[in-house]
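The values are calculated or read from the model by the stated rules, or taken from the named source; none is laboratory data. Fair warning: this is a prediction, and the values are worked out from it, not measured in the lab. All Cβ positions, glycine included, derive from the backbone under ideal geometry; neighbour counts span all protein chains shown.
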Amino acid sequence: MRGAAPVFAAPRVQRLAGNRLHLAEGPIDLVIGASGPPVAVERAYRAAERRFAGLLACLVFVLARLRQPVGEAAGLPPPALLMHAATAPLADRFVTPMAAVAGAVADTVMAAIRQTPGIERAYVNNRGDIAVHLTPGRTLEIGVVPELRRPLMAAGIRLRHEDGIGGVATSGWAGRSFSMGIADAVTVLAETAARADAAATLIANAVDIDDPAVSRVPATDLDPDSDLGCRLVTAAVGPLAKEAVAEALENGAGYARELVERGLIRGAMLVLRGEVLVVGRGWEEIACSS
């Protein structure tokens, strides 16, 4: 963003248990895991650190553009181009490139890891929006959160190389971003994390119904800098009748089916008040926890 820019704490780089890498700066918080020969993993982590350096600054520089509805891509830096590419096909509804920011950051760092010879499996988890890399024969289990107000893993999705899924993202009204819908959680599987992030945002917006139990406020009342402007976002959801839950889920599922048919996502899982609707492919191997 030109002119005055937000001031963030210095980037943090540390190793976590299980030989994972933690990279954080401002709102970006990445937990990275890679598998392969130890030398390859170390090289991949160094590549991730190099790519992470300056990543937030380059997005802040164009933040004013990224907070506007999807427009021209000319002049955007590579991470912002990923955001634009993920949201442009969804521009028949209101969307800004910011709908894909977390996924695009994960994709950007993953690209550096994927270029490291010898890496067999890797993930970059940006607070729940996850970029995935799997070589033939490798699998990865990703936890699923059915309610963002209580982020407890209730199931694990087993991804395989042949699934072609490179990104998993979850959105909902009680998440860290505002939502115009009432979904407790919408988890999307897509070719990239940026695509999954953008689609999860819009599908979660579509899980909606007019009901007195739903409290809404202008987004700018909660955050004056919100890219949603004065559009109403969900602030609270009270008790809902079963019929209302079913209708809201079907509204979201209809849009999710459209995105599957257009080839923009592989599948989506929509959750509201304990009720679940699954759309598309990728959910064949789900292990539920007790």
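What to note about this one:
- Looking only at the stretch 135-151, and only at residues there that are farther than 12 Å from Gly33 by Cα and more than 17 Å from the chain's Cα centre (by Cα), the one that is modelled with the lowest pLDDT: Arg150
- For the stretch 197-218, a tally of residues being part of a strand (DSSP E or B) and of a type in the set (A, V, I, L, M) returns 2.
- Residue selected from the stretch 226-244 under the condition out of contact with any Asp or Glu (no Cβ under 7 Å at 6 or more places or on another chain) and of a type in the set (Gly, Ala, Ser), by the criterion nearest to Gly274 (Cα to Cα): Ala241
- Of all the numbered requirements in (1) under 25 Å from Leu81 (Cα atoms); (2) surrounded by fewer than 21 Cβ atoms within 10 Å (Cβ to Cβ); (3) among the hydroxyl-bearing types (Ser, Thr, Tyr), Thr201 misses one, and that requirement is (2).
- Counted residues, the stretch 19-50 - those being under 22 Å from the mean Cα position of the chain (by Cα), surrounded by fewer than 19 Cβ atoms within 10 Å (Cβ to Cβ) and part of a helix (DSSP H, G or I): 1
So that you can scan it fast, the table gives a plain yes or no per residue for (1) free of Cβ contacts under 8 Å to residues at least 12 places away in the same chain; (2) surrounded by fewer than 23 Cβ atoms within 10 Å (Cβ to Cβ); (3) assigned to a helix (DSSP H, G or I); (4) not β-branched (Val, Ile, Thr):
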| residue | (1), (2), (3), (4) |
| --- | --- |
| Ala73 | no, yes, no, yes |
| Leu76 | no, yes, no, yes |
| Leu81 | yes, yes, yes, yes |
| Asp107 | no, no, yes, yes |
| Ala122 | no, no, no, yes |
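- Looking across the stretch 83-105, the residues that are surrounded by 18 or more Cβ atoms within 10 Å (Cβ to Cβ), of a type outside the set (A, V, I, L, M, F, W, C) and touching a residue at least 24 places away in the same chain (Cβ under 8 Å) come down to Thr87, Thr96, Pro97, Gly103.
- Selection status of Ile142, without any contact (Cβ under 8 Å) to a residue 60 or more places away in the chain and among the aliphatic types (A, V, I, L, M): yes
- So Val214, is it touching a Ser or Thr at 6+ places or on another chain (Cβ under 7 Å) and of a type in the set (Val, Ile, Thr): yes
- Matching option when the condition is touching a His at 6+ places or on another chain (Cβ under 8 Å) and of a type outside the set (Phe, Trp, Tyr), among Arg15, Arg51: Arg15
- Candidate set from the stretch 267-290 (those that are in a loop (DSSP other than H, G, I, E, B) and more than 12 Å from Thr187 (Cβ to Cβ)); member that is modelled with the highest pLDDT: Arg273
- Unmet requirement for Phe61, which otherwise passes all of (1) in contact (Cβ under 8 Å) with a residue 60 or more places away in the chain; (2) crowded, with 21+ Cβ neighbours inside 10 Å; (3) of a type outside the set (D, E, K, R): (2)
- Test result for Thr135, surrounded by fewer than 21 Cβ atoms within 10 Å (Cβ to Cβ) and of a type in the set (S, T, N, Q): yes
- Filter result for Leu264 (in contact with an Asp or Glu (Cβ under 8 Å, 6 or more places away or on another chain) and part of a loop (DSSP other than H, G, I, E, B)): no
- Test result for Ala213, under 20 Å from Ala88 (Cα atoms), touching a Gly at 6+ places or on another chain (Cβ under 8 Å) and either modelled with pLDDT of 95 or more or surrounded by fewer than 20 Cβ atoms within 10 Å (Cβ to Cβ) (or both): no
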